[in-house]
Each structure stands twice: as C-alpha cells, then as structure tokens.
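Let me begin by presenting the structure, written as structure tokens, before commenting on it.
The values are calculated or read from the model by the stated rules, or taken from the named source; none is laboratory data. All values reported here derive from a predicted model rather than from experimental measurement. All Cβ positions, glycine included, derive from the backbone under ideal geometry; neighbour counts span all protein chains shown. Heavy atoms of the whole protein, side chains included, go into the accessibility calculation; ligands, DNA and RNA do not. Shrake-Rupley method; radii C 1.70, N 1.55, O 1.52, S 1.80 Å.
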Amino acid sequence: MARLNPPSAKQLKPFSASLKMVEEQMGFAPNSMPLMAHRPAMLGSSMLFMNSILGHKGKKVSLVKGLAQFLRTLKWTVEARKAKEREIDPGLKQMIAFVTSNASGCRYCQAHTAHQAHRAGVAIEKIEALWNFTESNLFTSAEKSALALAFAAGQTPNAASDSHFDDLRRYFTEEQIVEIVGIIAMFGFLNRWNDTLQTPLESGPMEFSSRLSG
C-alpha cells in the first residue's frame, strides 16, 4: 500500500498526454509516477530526465515538447507560486541530502551537501552534529523526523517504515513529504553515479570538509 495519498485528477490533468504515452511504451500505467504530481514540477522534470535515458525512438521528441510546454505554463501559475512558498527550507534540504549520502556511504556527496548546507545558513556545529542527529538538541523535532527517514531510506536494503511517515505527517504536508522523498531519491542516483565513477572532489567542498574534520 502506498504511503501517500494519490494526487487529484486536477493535479494529473496537465500530464494526461505524457502519462498516456508512458503507458503505451510500458504496456501498463505505472503507479510510481503519478505520486510525484503532488509536486507538479518534480513529475515534469523527472519524466523528462527518465525519457532522456530510457526514451524510445519516435516518442522522445513529442514527450519533450509536451513537458516543455507544461513547464512554461507552470512557471506562471498561482499553484507554482504557492508551491514555492511551501518548499522545505534550503538548509534542511541539504541536511536531508547529507544524511541520505551518509547512509549510502558516498563521501563525495557528503562533502558537497555539508558544504552546501553551510552556504544555505546551517551552522558548522549543526552540520557536525548530523552524524548523531537523533541525540542532538540542535535539531527540531520536525528536522529529526525528516532526517530519520533520510537515513532509513538511504540504506540498502531500504529501511523506511510506515512509522516514519506517521511521524512526518505531524510536521509536514503531503506535498512537503513528496519533496523530502524526492531529495532522498535524487541523492540515491547521485550517490551511485559519483561512487561508481569515483568523481574527484572539488577544492571548495574539500577545504570545507577538512575544516569539519579538523
């Protein structure tokens, strides 16, 4: 059973043609993609990204055009402005990404997200406390809830549970929970990409990480 309620027909309407195309390509309608419509821009950009990797000949161009048109429209809608106002705090986003990367073991992404968390205004002592956030009084209950899911979902096998989502609902809307899971999922990709390719760490994040460890 899905841990989030499905989006409304109104939320899915802008994607009807694109989702129909995905259904034709796969032979069935996947349940995973519509849940992203709680954050419409996330679904649109994810479909575009996935199609750039897995797209079928003859389908890619029309899908790209459809999504590009949708995203241009979305930019000017009231809903897009409201979604912007309800976004997760940028510092918390980076802390979620750090904890996810820590659970995965990707040192490259840990260095990046620690550096970006500080650039987003998170104090160094709080970044250092991310290693043991459950025991630290530097984090709010809402932050701990999001970070707990990040650590559980970043593991292999995935350790996320219904109780994580029950706790998240005390502090976050379903739209915000989708955003949290989106951050975790994006870094699932980035953790594997960078660990697999052994991406060299840049000087900025390296110097910042040295300050933390020092």
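A few points about this structure:
- Model label points for Asp162 and Trp131, set 7 angstrom from Cα along the Cα-to-Cβ axis, are 3.6 nm apart.
- The phi torsions of segment 179-195, fed into the Karplus equation with coefficients 6.51, -1.76 and 1.60 and a -60° offset, translate into couplings of 5, 4, 5, x, 4, 4, 5, 4, 6, x, 5, 5, 4, 6, 4, 6, 5 Hz, rounded to whole numbers, with Gly and Pro shown as x.
- Taking all protein chains as shown and a probe of 1.4 angstrom, Thr140 keeps an accessible surface of around 70 Å².
- FRET efficiency, 1/(1 + (r/R0)^6) with R0 35 Å, evaluated for Phe49 and Leu212 via beta carbons: 0.65
- Separation in nanometres of the label points that stand 7 Å from Cα toward Cβ, at Gln25 and Thr173: 3.0
- Sorting 23-34, 171-182, 117-128 by average packing, meaning the other beta carbons within 10 Å per residue, from highest down gives 171-182, 117-128, 23-34.
- Across segment 121-133, coupling constants 3J(HN,Hα) worked out from phi with the 6.51/-1.76/1.60 Karplus curve, θ = phi - 60°, read x, 7, 5, 4, 5, 6, 4, 5, 6, 4, 5, 9, 4 Hz, and Gly and Pro carry x.
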